[in-house]
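First comes the structure, then the notes that go with it.
The values are calculated or read from the model by the stated rules, or taken from the named source; none is laboratory data. On a predicted model such as this, the values are computed, not experimentally measured, just so you know. We place every Cβ from the backbone using ideal geometry, glycine too, and count neighbours over all the protein chains shown. Quick note on the areas: whole protein, heavy atoms, side chains included, nothing else; ligands and nucleic acids left out. Shrake-Rupley method; radii C 1.70, N 1.55, O 1.52, S 1.80 Å.
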Amino acid sequence: MARTIQSLERAAAMLRLLAGGERRLGLSDISSSLGLAKGTAHGILRTLQQEGFVEQDVASGRYQLGAELLRLGNSYLDVHELRARALVWTDDLARSSGEAVYLGVLHQQGVLIVHHVFRPDDSRQVLEVGAMHPLHSTALGKVLSAYDPVAHSEIVEADRTAFTPHTVTGLADFERLLDLIRARGWAADVEETWEGVASVAAPIHDRRRMPVGAVGVTGAVERVCQEGDLRPEIIAAVRDCARAVSRDLGAGRF
């Protein structure tokens, strides 16, 4: 029989302990429950905390599961499945809006474009599948930052570069913007990443109501906006597309 690695067994037991019962546990609770010396338990907790699997409440000193586990929990949803579920709906969105459509997921502190539907006209366009877009300035990125705890923690710690005079970079202003996005269910980027370009995006959820991606429309400001405001029919179409893909992934009615 193959030998097991004791430290990994103890770390796994610790994660299972934190996953059940009380939401937060102190070092003494954890060490006594697992029959470990406090020093040993603290060392494992510190390692798990560094990797994002465990978080420590500053006020109480108690431990709880970390946001990195959410990323791992969502990994069962293959990106190809997400793209496959979205194909028909994103094609419909491009036709109804007359603009390019992007499907993005969180990846390495940015938005990875996993599907791109060209604007339905004869203009020359470049396929952006595989491209990385910033989290803090794009509509796709702001949606992920608003709904995904992992994306939120990464964007809070990252440098928020001002790509244009319209880019929101201050943390307090950015947090207020995320609150607004959660309240209305969609995000916008009006010349915050590229001059002359505007975008609208909405979140996609899986059967557990967890955020797994975002879908959005991108086009010239003069087409996406009308009299300084985003066109309401485009906002509605993007949200309908996101809901449809979410339903296909088992999220139910949103």
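The table below lists the values:
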{"quantity": "Every pair of residues 6+ apart whose Cβ atoms lie under 6 Å, when the first sits in region 87-109 and is assigned to a strand (DSSP E or B) and among the hydroxyl-bearing types (Ser, Thr, Tyr) while the second is surrounded by 14 or more Cβ atoms within 10 Å (Cβ to Cβ) and modelled with pLDDT of 95 or more", "calculated": "Tyr102/Gly216"}
{"quantity": "The one condition in (1) more than 24 Å from Ala67 (Cα to Cα); (2) in a helix (DSSP H, G or I); (3) modelled with pLDDT under 95 that Val150 fails to fulfil", "calculated": "(1)"}
{"quantity": "Candidates Val197, Val224, Val215, filtered to the one that is open to solvent by 10 Å² or more (accessible area, probe 1.4 Å) and of a type outside the set (Gly, Ala, Ser)", "calculated": "Val197"}
{"quantity": "Meets criteria (free of Cβ contacts under 8 Å to residues at least 40 places away in the same chain and surrounded by 18 or more Cβ atoms within 10 Å (Cβ to Cβ)) for Ile181", "calculated": "yes"}
{"quantity": "Condition met for Tyr147 (among the hydroxyl-bearing types (Ser, Thr, Tyr) and touching a Pro at 6+ places or on another chain (Cβ under 9 Å))", "calculated": "yes"}
{"quantity": "Residue ID - nearest to Ala86 (Cα to Cα), chosen from residues in region 114-137 that are among the small types (Gly, Ala, Ser) and surrounded by 12 or more Cβ atoms within 10 Å (Cβ to Cβ)", "calculated": "Ala131"}
{"quantity": "Filter result (among the basic types (Lys, Arg) and more than 20 Å from Ser153 (Cβ to Cβ)) within region 32-73", "calculated": "Lys38"}
{"quantity": "Residue selected from region 230-251 under the condition open to solvent by 10 Å² or more (accessible area, probe 1.4 Å), more than 13 Å from Gly185 (Cα to Cα) and under 19 Å from the mean Cα position of the chain (by Cα), by the criterion modelled with the lowest pLDDT", "calculated": "Gly250"}
{"quantity": "Residues satisfying the stated conditions in region 59-86, i.e. at pLDDT below 85 and either part of a loop (DSSP other than H, G, I, E, B) or of a type in the set (Lys, Arg) (or both)", "calculated": "Gly66, Ala67, Arg71, Ser75, Tyr76, Leu77, Asp78"}
